[in-house]
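Take a look at the structure below.
The values are calculated or read from the model by the stated rules, or taken from the named source; none is laboratory data. Here the structure is a predicted model, which is why all the values come from computation and not from measurement. Glycine also receives a Cβ, built like all others from the backbone with ideal geometry; neighbour counts cover every protein chain displayed.
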Amino acid sequence: MADIANITIVGRLTRNPETTETSNSSVTKFSLAVNGWKDDEVSYIDCDAWGKVGEVVQQYCEKGKQVAVAGTLRIEKWEDKEGNKRSKPIVNVRDLTLLGSKDDAKATAPKKVEVSSDDLPF
């Protein structure tokens, strides 16, 4: 069995999602703000949702929407203009649960979106 980094995060979208078409699928990119152990600590996590999950994100999510995502963690690496090595974590979203938005006064039942591994390009 191969090693794999599974992760589950609950947070709010920091911006509206953006979808890009690829040669054999589409990817919807968004970022989540996640509160830390202290009230003033916030982490910003980039997420990629492929195929059907990405379509749901694009249709139902906007800045401020609270979601739970589960997926695999990967580290994107690059060199900046000055030649410094940089990296950041990205969640490849496998499951998405819509939780609410800032303006939701009443709690609604979460909606879970299932996706099969056939929807992922990797």
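I'd like the full set of residues that are over 18 Å from THR97 (Cα atoms), exposed (fewer than 12 other Cβ atoms within 10 Å of the Cβ) and not aromatic (Phe, Trp, Tyr), limited to the stretch 19-59. Correct list: THR20, GLU21, THR22, SER23, ASN24, GLY36, LYS38, ASP39, ASP40, GLU41. List, please: which pairs have Cβ atoms under 7 Å, are six or more places apart or on different chains, and start with a residue in the stretch 46-59 that is farther than 7 Å from THR28 by Cβ and end with one that is of a type in the set (Gly, Ala, Ser) and modelled with pLDDT under 95? If the second residue must be of a type in the set (Gly, Ala, Ser) and modelled with pLDDT under 95, the pairs left are TRP50/SER25; GLY51/SER25; GLY51/SER26. Each residue in the stretch 8-18 was checked for being among the hydrophobic types (A, V, I, L, M, F, W, C) and crowded, with 16+ Cβ neighbours inside 10 Å, and 2 pass. Annotation note: of ASP40, ASP80, the sole residue that is charged (D, E, K, R), at pLDDT below 90 and more than 27 Å from ILE4 (Cα to Cα) is ASP40.
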